[in-house]
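Readers should treat all values here as calculations from the given coordinates under stated rules, not as data from a laboratory. The structure displayed is predicted, hence computed values, not measured ones. Positions of Cβ are generated from backbone atoms using ideal geometry, with glycine treated the same way; all protein chains shown enter the neighbour counts.
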Amino acid sequence: MSTFFRRLSKATPIAFSHTFRNQSQSHFRLPVTAIAAISGGISYFYYFSEPNLAHLDQINEQTGPKTALIPDKWVEFKLQERAKVSHNTQLYRFSFDPDLKLGLDVASCLITRAPLGEDAEGKTKYVVRPYTPISDPDSKGYFDLMIKIYPEGKMSQHFDKLKPGDVVEVKGPIEKIRYTPNMKKHIGMIAGGSGITPMLQVIEAILKNPEDNTKVSLIYANVSPDDILLKKKLDMLAASHPNLKVFYTVDNPSKYWVGGTGYISKDMASKGLPAPSQDTLVLVCGPPGMMQHVSGGKAKDWSQGEVSGVLKELGYTEDMVYKF
């Protein structure tokens, strides 16, 4: 496993490689309570009965730029390695043809599925979940998923049983919001628990581009200091990039905690986010309770819906807020 960590530190993007630095000395922990899916989106499942699965060799049939992902077909990706991040969180690296790109834009997720028995007609049933890769979308030959294993989670339990060499069926990408350099002068972010994942996609896209002058202000809420995902990585990024500011708040602070305490308040948001403006955008991702408190949830049809909660009180409008 130490060989895997060394290889990861050289091959993976910034949000991933630093996660495993000094792995033997410290571990990152995810929230103990059940919060948003690692994808940062809403976990859901439904069933498919699609007997003909697409494999990587079918990519040759595509025209135009070749990508490993095919939007309307399920593709098998082989598990290359897995590594423990915390007591209930695993990291999975899936491989594909190194001459290809994954085909994922910022910010997008992909969809995974796993067989879940058969229905009354003998057709295969599937459990389906969306996940946001934490690897650089431009990486060739691999992508990485960080997944919290829930005791009753149908998909996460499937992932927990995977061994190197096993395959997972994937479809996508599912575009959330198309980020382009300098699209806004200042982007605010509010993340709860594993809702940090899509934020990292946007943060890394900004910080790796010397032509992108966008400022980023992140408010990151968790249950306790030990639950903060990738804190050392975020701290390092903020220290080395003056256009990134990070503020943490926790429900249960430790004795020496120096960040915020409690739910994200109107005062926290007014101090930690850019002021409402056509030059700003606030991204929100987290568990349903946090979403309702901060911005309101999505509409019943999964559209963005109206803005409510803390952000509405501060004067943000629908065109200034995006909910993952």
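Scalar couplings 3J(HN,Hα) for segment 104-120, obtained by applying the Karplus form with A = 6.51, B = -1.76, C = 1.60 to θ = phi - 60°, are 10, 9, 9, 10, 9, 10, 10, 10, 10, 9, 9, x, 9, x, 10, 8, 5 Hz; x denotes Gly and Pro.
One way to sum up the overall shape of segment 241-321 is the equivalent ellipsoid from its Cα gyration tensor, whose semi-axes run 24, 17, 11 Å, largest first. Across segment 67-214, Cα-Cα pairs farther apart than 26 Å form 29% of the total. Relative to the current alpha-carbon distance between Lys185 and Lys312, full extension at 0.36 nm per residue lengthens the span by 43.7 nm.
What shape does segment 150-270 have by the C-alpha gyration tensor, where a ≥ b ≥ c are the square roots of the eigenvalues, rounded means a/c under 1.5, and otherwise prolate means a/b greater than b/c and oblate the rest? It is oblate, given that a/c is not under 1.5 and a/b is not larger than b/c.
Under 5 Å between amide hydrogens, built in the peptide plane, is the criterion, and for Ser139 it picks out nothing among residues at least 5 positions away or on other chains. For the listed residue pairs Lys266/Lys300; Lys176/Lys298; Lys73/Lys125, the alpha carbons are over 20 angstrom apart in Lys266/Lys300. Pairs exceeding a 19 Å alpha-carbon distance, out of Lys208/Lys233; Lys101/Lys185; Lys161/Lys231; Lys154/Lys233: Lys101/Lys185; Lys161/Lys231; Lys154/Lys233. Among 117-130, 292-305, sorting by the average number of other beta carbon atoms lying within 10 angstrom of each residue, highest first, gives 292-305, 117-130. Taking amide H positions as modeled 1.01 Å from N, with prolines and chain starts lacking one, the residues under 5 Å from Lys215 and 5 or more places away or on another chain are His186, Ile187. A Förster radius of 25 Å combined with the Cβ-Cβ distance from Gln278 to Asp212 puts the calculated FRET efficiency at roughly 0.85. Amide H contacts for Leu283 (H built 1.01 Å from N in the peptide plane; partners 5 or more residues away or on another chain; cut-off under 5 Å): Gly188, Met189, Ile190, Tyr322.
The Rg/Rh ratio of segment 60-124, with both radii computed over alpha carbons and Rh defined as the Kirkwood radius, is 1.05.
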